[in-house]
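Just below is one structure, and these are the notes that go with it.
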Amino acid sequence: MKRIFAVVAVLLFSSLFIISGCSSKRVAVADKPLQEKPADTGKTTAGKQTPATTSTKETVTDKVITAKAQPSDSDAAFEEIKSALKDIYFDFDKYDINEAAKPLVKQAAAALSKDSRIKVIIEGHCDERGTNEYNLSLGEKRAFAVKEYLLSLGIPSSRIQTVSYGEEKPVCTESTEECWAKNRRAHFVLVKEK
């Protein structure tokens, strides 16, 4: 849907540039399918008469093209990274990463290293046992433990934030050991830089 909107927007702006008499070079750079038309019209030579101005316009336009062309690639990369990030589960009243969870953190680090523009928030969660204050503190320690492991695997701290929800956001609400185990976790939330 975003790609269709971008194409319609580019075509609309291209029409306005053509009608207002702007150089065809700018139109050609803005939309790749239109590049063939300006080459045939011979108007590109007029744009080359003032190299400093043309160079500046091309650079600005190239940045816009990059921003418009990347969303589909960026969205695909975002979804690929998101699918690679699995919740990290903890033992009761613990915040150290157990041996079973270490491969999941390594997988998360490998995924995050694919795109440096994507940041992550690590949420620390607990089961319902214990006081709210204790669970907030334990959730913070769980999120921080995962962050520290990611840092040791080469992910920069500038790309990682932590937050604790304690027992406030359970994924399971039954009072059983199986349910409590699902709530003792660190959860990854991805954030795209704009």
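None of the figures in this text is laboratory data; all of them are computed from the coordinates on show. Only a predicted model underlies this, so the values are computations on that prediction, with no experimental measurement involved. Note that each Cβ is placed from the backbone with ideal geometry, even for glycine, and that neighbours are counted across all protein chains shown.
For the range 157-185, give me each residue that is under 14 Å from LEU112 (Cβ atoms) and either in contact with a Phe, Trp or Tyr (Cβ under 8 Å, 6 or more places away or on another chain) or without any contact (Cβ under 8 Å) to a residue 40 or more places away in the chain (or both). Passing the criteria: SER157, SER158. For first residues located in the range 143-155 and within 25 Å of ASN183 (Cβ to Cβ), partners that are part of a loop (DSSP other than H, G, I, E, B) and of a type in the set (Ser, Thr, Tyr) and lie 6+ apart or on another chain with Cβ distances below 9 Å form the pairs ALA143/TYR95; PHE144/TYR95; ALA145/TYR95.
Set side by side, the residues GLU177, GLU193, GLU148 differ, and just one is of a type outside the set (A, V, I, L, M) and over 25 Å from LYS106 (Cα atoms), which is GLU177.
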